[in-house]
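Data first, discussion second: the structure below is written as C-alpha cells.
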Amino acid sequence: MKLYDTLFIVLNEEGNVLSWKLCKGSKFSSIKNVLQLLKGRLDNQGQKPTIFFVDNCCSWRDKLMDIFLNMTVKLDPFHATQRVIKKNT
C-alpha cells in the first residue's frame, strides 16, 4: 500500500528546511497551503524572498507568483544541467 509518492521540500539559501510535505502526486494544489503558510511565516519575520528555484518552473511560475508577489521563479540548477546534458547527447 503506497500512501505517498512525493516529498515536497522548501529550502533556504543555506540549505535549511523551511517547510515540507508528503504528497500524493505532484500537483501544485497539493502544496499550495504549505506555501501560503510559509509566506505568512516569512511575512511575520519581515523576510521577503526574491527568487524561487523549482524543477517545474514553467508550469508553476504564475502560481508561485500569486503567493509570493514580485518574486523571480527559475529552473533549479540540477534540472537545468540535466536539460543541457540531454540536449547535447
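Which of the residues belonging to segment 14-34 are touching a Lys or Arg at 6+ places or on another chain (Cβ under 9 Å) and touching a residue at least 12 places away in the same chain (Cβ under 8 Å)?
18, 19, 24, 28, 30, 31, 32, 34
Within segment 23-34, does at least one residue satisfy the condition of being in a strand (DSSP E or B) and surrounded by 10 or more Cβ atoms within 10 Å (Cβ to Cβ)?
yes
Exposed (fewer than 10 other Cβ atoms within 10 Å of the Cβ) and modelled with pLDDT of 95 or more: is that true of residue 44 in this structure? So that I can check it myself, show each step before the final result.
Details: exposed (fewer than 10 other Cβ atoms within 10 Å of the Cβ): yes; modelled with pLDDT of 95 or more: yes.
Yes, satisfied.
Only residues that are closer than 14 Å to residue 11 by Cβ and among the β-branched types (Val, Ile, Thr): list them for segment 32-51, please.
34, 51, listed by residue number.
Which of the residues spanning segment 47-68 are open to solvent by 70 Å² or more (accessible area, probe 1.4 Å), in a strand (DSSP E or B) and not aromatic (Phe, Trp, Tyr)?
51
Where the second residue is surrounded by 14 or more Cβ atoms within 10 Å (Cβ to Cβ) and modelled with pLDDT under 90 and the first is under 14 Å from residue 59 (Cα atoms) and lies in segment 70-82, which pairs have Cβ atoms under 7 Å and are six or more apart or on separate chains?
These pairs meet every condition: 73/57; 74/57; 75/57.
Sort out which residues of segment 69-89 are within 19 Å of the chain's Cα centre (by Cα), open to solvent by 100 Å² or more (accessible area, probe 1.4 Å) and either farther than 29 Å from residue 40 by Cβ or among the charged types (D, E, K, R) (or both), and write them in order of number.
Across segment 69-89, the qualifying residue is only 83.
The values are calculated or read from the model by the stated rules, or taken from the named source; none is laboratory data. Since we're looking at a predicted model, the values are computed, not measured. So basically every Cβ, Gly included, is an ideal-geometry build from the backbone, and we count neighbours across all protein chains shown. Surface accessibility is based on the protein's heavy atoms, side chains included, excluding ligands, DNA and RNA. Shrake-Rupley method; radii C 1.70, N 1.55, O 1.52, S 1.80 Å.
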